[in-house]
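This report refers to the structure that appears directly beneath it.
We did not get these values from a lab; they are worked out from the coordinates using the rules stated. Quick caveat: nothing in here was measured; it's all calculated off a predicted structure. Using ideal geometry, Cβ is built from the backbone for each residue, glycine included, and neighbour counts are taken over all protein chains shown.
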Amino acid sequence: MFSGIIRGVARWVPLASFKGSADYWRKRYQLGGDSGTGSAGAAATYKAAVLNEFVARESVTSVVEFGCGDGRQLALARYPAYLGLDISADAVEQCRARFKDDASKRFAILDDSATKADLALSLDVIFHLVEDEVYEAHLRRLFDAANRFVIIYSSNSAGNARTFRHVRHRVVSTDVTALFPGFERLQELESALPPPVETSSGVSTVFLIYRRL
């Protein structure tokens, strides 16, 4: 019960003095918050099943994730080599402690350093990037880092524009098509996936899968 109170405080207190997406998530983790409901339970199990099957089928040798959060989702993953990046130093330290005995996983604070991997991931991050410039910078880092594939898990509709200060929905696939012509969307693969088990503020969250041409 007490941990639930802490998570609630960590979620809502930063919204009272909201200064942008980066500030919100740094404060949320500083106050003892977590990555949210999408990183646990049925939602996490669903994402892990899709990603683990994809990594195995495509013989993916390395994964970089932009926005690793607290590492609960990662605990279900089976990746040969993994680098998790986050803007929150507290989240990075949580992950380092959680996976201290797993040499296949590394974690670092997000910066402008060039990073490359077979697969670049963004899971439940994009609809929390409310600023246009932050959103576009995230996409550019993501696609620049991918040697072969990019997988995004996000809303893909402008439906309820912004329910809270830290949530903004966008038509991500339209922006990716315009910004990254060197990638193709694997829509047949997406359509063959089982339906998602969660929503974000009433807007469906889906997998968007891209391959470098």
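Listed from fewest to most Cβ neighbours within 10 Å, the set Asp102, Asp118 follows the order Asp102, Asp118. On average over all directions, what projected area in square nanometres does segment 69-175 have, based on the convex hull of its Cα atoms? The Cα convex hull of segment 69-175, projected and averaged over all directions, gives 7.2 nm².
Along segment 115-121 the Karplus relation, 6.51 cos²θ - 1.76 cosθ + 1.60 evaluated at θ = phi - 60°, assigns HN-Hα couplings of 9, 10, 7, 4, 10, 10, 10 Hz to successive residues, with x for each Gly and Pro. In the chain, the DSSP-assigned H stretches of four residues or longer account for a calculated mean residue ellipticity at 222 nm of -11500 deg cm²/dmol, using -39500 (n - 2.57) per stretch and the full residue count as denominator.
Can you give the FRET efficiency for Asn147 and Asp23, using 1/(1 + (r/R0)^6), R0 = 35 Å, r = Cβ-Cβ distance, to the nearest 0.05?
Working: r = 32 Å, r/R0 = 0.92.
With a Förster radius of 35 Å, E is 0.65.
Less than 5 angstrom separates the built amide H of Val130 from those of Ser21, all sequence-distant by 5 or more or on a different chain. Return the aspartates and glutamates within reach of Lys19: Cα separation strictly under 17 angstrom, same-chain partners fewer than 8 residues apart disregarded; answer none if there are no such residues. Partners within reach: Glu131, Asp132, Glu133.
Once the Kirkwood radius over Cα pairs is known for the chain, the Stokes-Einstein relation at 4 °C and 1.567 mPa s delivers a diffusion coefficient of 74 µm²/s.
Note on Ala42 and Ala137: the extension gain reaches 31.2 nm, defined as 0.36 nm multiplied by sequence separation minus the Cα-Cα distance.
If each residue of separation counts as 0.36 nm, what is the full-extension length gain between Arg165 and Arg212 once their alpha-carbon separation is subtracted? Show your work: numbers first, answer last.
On the way: separation 47, 0.36 × 47 = 16.92 nm, distance 3.38 nm.
Extra length available between Arg165 and Arg212 comes to 13.5 nm.
Taking the highest mean first, how do the peptides 169-181, 63-75, 40-52 order by number of other beta carbon atoms within 10 angstrom per residue?
Values: 169-181: 15.8, 63-75: 23.2, 40-52: 17.4.
Highest mean packing first, the order is 63-75, 40-52, 169-181.
In straight-distance terms, cross-link reach from Lys116 covers every one of the aspartates and glutamates whose alpha-carbon lies under 20 Å from its own, apart from those fewer than eight places away in the same chain; here that gives Glu58, Glu65, Asp86, Glu136, Asp144, Glu184.
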